[in-house]
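Report on the structure given below.
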Amino acid sequence: MAGTLPADPTPWHERRDAGLSDSTMRRTIGTVTKRFSTGQRQVFNGYPEGATAREAAVKAKRQAIRDLDTLLPRLRDSVETNGGQTYLARDATEAVAVVVKIAQSRKVQRIIKTKSMLTEELQLNQALQEAGLSVVETDLGEYIIQQAHETPSHILAPAAHKNRDQIETLFRDDAREKGITPPNSNNAESLTRYARQRLREDFLHADMGITGGNFAVAETGTVVLITNEGNADMVTTLPSILVSVVGIEKIMDTWETLGTIIQQPAMNGIGQRLSSYTTFVSGPRREGVVEGPVEWHLVLVDNGRNLLRGTEFEDVLSCIRCGACLNVCPVFRQVGGHAYGSVYPGPIGIVETPLLTDWRILPELPTVGCTVCHACGEACPMEIDLPHHIIQLRQEKVRRHLVASGVARSYRWWAKMWATASGYQRSLRWARWGQRLYLKQGTLHDAPGIAHGWFVSRNMPPVASETFHEWWLKHRQGGT
């Protein structure tokens, strides 16, 4: 069953141009991604064991995806043995309905959440708010973009597109609305102190906590959360009701295989050997324990994931949401995450978005969002062949007739011309003749047809008046 994902209906060229014109976003995204990608290289250079663990993690994760039919019921049995309740949601609609029903039946009013890309995928916050519930994101980056009424721009750093001046403005507006003391400056310490003060009340008075899950261990019925702020510990221990929303692809078989993969998100995402906080949820509060939820509900979500199993794209389910592919992608660095229009930006989003939704959402992404530079394939710790998949998806677009007929004919003509040396030479002669209409002061400023888009953000030197092959034919000596 195909899944659903939220999508920005704005045309690609408008999303792209908005990103290119946002100098603040480009500067902050560039700084963040460079720091993360540099950290990834450095942590592996100084930790040889990390590479060995990564190879073991790839094998374990691939095997877990293949064994999902047996691991899924095993996980549910383990969770229920521990006192939790489990649900299997085929799509976003079912998953959202389960969570809303739990909240309404318990007369919940205030909800606190940890960072979760899956709940963004499900648009869970909107559904809960429409049901009259207060929902507060407790991850600092998520809290910032919630204040701005925006979506994450980066899988790992949701507010990577904002600088401290913009964050201070958001917090000051919030303080003015609430009638409380605003942050006294835009330094990181002051802004963090303000967010901590604001969130403390929500932590202490929340009726329900909602988490995602980086991994789920079938052997023990444990959901594993990896954070750098410790907010997950508050969300999972203070409210009386806890709901964890986890994709079915996150299941690992045993505690031992979890050990092979648990370092990978931090090492490849932010360049640390281990995240600051690792939180384990293995059931509701036991008798005699004073903290932890009284009820724990685990919602396991398919939403198109099973469609990929047994296909050439199965390895995509191995993604650990580390963001390494985004951090090295030259397109992402220039246009930012919002330009992709999908909850999952960057190379992984280009591949996942059409696949999970059977091409119903943003089918243009494989064509417009990638230069096929292969940087993402080299950076991916799970060895997902993203460049190859993107090329496959481009071919699939043509097979599904999702490419405009005029564009398809132009590319077929181009391929036919350049398939032979004579055709290539002929196209150069035509280009020299045609480019005269678009030359200004020795620079090519535009071109007809499908080439027009290339010049929206750049100019080019003209086609050479003489190619090397032409020069060689004129000047070769002795006819050799």
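The values are calculated or read from the model by the stated rules, or taken from the named source; none is laboratory data. Source: prediction; values computed, not measured. Here Cβ is always computed from backbone atoms with ideal geometry, including for glycine, and neighbour counts include all displayed protein chains.
Summary table
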{"quantity": "Residue identified as at pLDDT 95 or above and of a type in the set (G, A, S) among A408, A339, A404", "calculated": "A339"}
{"quantity": "Single residue of region 288-314 satisfying the filter (part of a loop (DSSP other than H, G, I, E, B) and among the hydrophobic types (A, V, I, L, M, F, W, C)) that is surrounded by the most Cβ atoms within 10 Å (Cβ to Cβ)", "calculated": "F313"}
{"quantity": "All positions within region 401-415 that are of a type outside the set (A, V, I, L, M, F, W, C) and either surrounded by 12 or more Cβ atoms within 10 Å (Cβ to Cβ) or outside any helix (DSSP H, G or I) (or both)", "calculated": "H401, R409, S410, Y411"}
{"quantity": "Pick from region 376-400, criterion of a type in the set (D, E, K, R) and not in a helix (DSSP H, G or I), ranking: farthest from G323 (Cα to Cα)", "calculated": "R400"}
{"quantity": "Given (1) small (G, A, S); (2) surrounded by 13 or more Cβ atoms within 10 Å (Cβ to Cβ); (3) at pLDDT below 85, index of the condition G423 fails", "calculated": "(3)"}
{"quantity": "Of the criteria (1) without any contact (Cβ under 8 Å) to a residue 40 or more places away in the chain; (2) surrounded by fewer than 21 Cβ atoms within 10 Å (Cβ to Cβ), which one Q166 fails", "calculated": "(1)"}
{"quantity": "Every pair of residues 6+ apart whose Cβ atoms lie under 6 Å, when the first sits in region 438-458 and is closer than 26 Å to S405 by Cα while the second is aliphatic (A, V, I, L, M) and loosely packed, with under 12 Cβ neighbours inside 10 Å", "calculated": "none"}
{"quantity": "Of all residues making up region 435-468, the number that are exposed (fewer than 12 other Cβ atoms within 10 Å of the Cβ), part of a helix (DSSP H, G or I) and modelled with pLDDT of 85 or more", "calculated": "3"}
{"quantity": "Pick from region 186-212, criterion touching a residue at least 60 places away in the same chain (Cβ under 8 Å) and small (G, A, S), ranking: farthest from I111 (Cα to Cα)", "calculated": "G212"}
{"quantity": "Residue among I391, I384 that alone is touching a Ser or Thr at 6+ places or on another chain (Cβ under 7 Å) and modelled with pLDDT of 90 or more", "calculated": "I384"}
{"quantity": "Count - residues of region 159-195 that are assigned to a helix (DSSP H, G or I), among the polar types (S, T, N, Q) and farther than 22 Å from G337 by Cβ", "calculated": "2"}
{"quantity": "Any hit, region 104-118, residues being closer than 20 Å to G213 by Cα, part of a helix (DSSP H, G or I), touching a Lys or Arg at 6+ places or on another chain (Cβ under 7 Å) and touching a residue at least 12 places away in the same chain (Cβ under 8 Å)", "calculated": "yes"}
{"quantity": "From the options A97, A103, A131, residue that is under 30 Å from L242 (Cβ atoms), surrounded by 18 or more Cβ atoms within 10 Å (Cβ to Cβ) and of a type outside the set (F, W, Y)", "calculated": "A103"}
{"quantity": "Region 18-44 residues that are surrounded by 15 or more Cβ atoms within 10 Å (Cβ to Cβ) and at pLDDT 95 or above, paired with ones that are among the aromatic types (F, W, Y) and in a helix (DSSP H, G or I) (beta carbon under 8 Å, 6 or more apart)", "calculated": "I29/F332; T33/F332"}
{"quantity": "Spans of helices (runs of 4 or more DSSP H) in region 199-287 with at least 1 residues surrounded by fewer than 20 Cβ atoms within 10 Å (Cβ to Cβ)", "calculated": "231-237, 255-261"}
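Yes/no per residue for (1) aromatic (F, W, Y); (2) surrounded by fewer than 18 Cβ atoms within 10 Å (Cβ to Cβ); (3) more than 30 Å from G292 (Cα to Cα):
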| residue | (1), (2), (3) |
| --- | --- |
| R54 | no, no, yes |
| V58 | no, no, yes |
| L75 | no, no, no |
| G83 | no, yes, no |
| A89 | no, no, no |
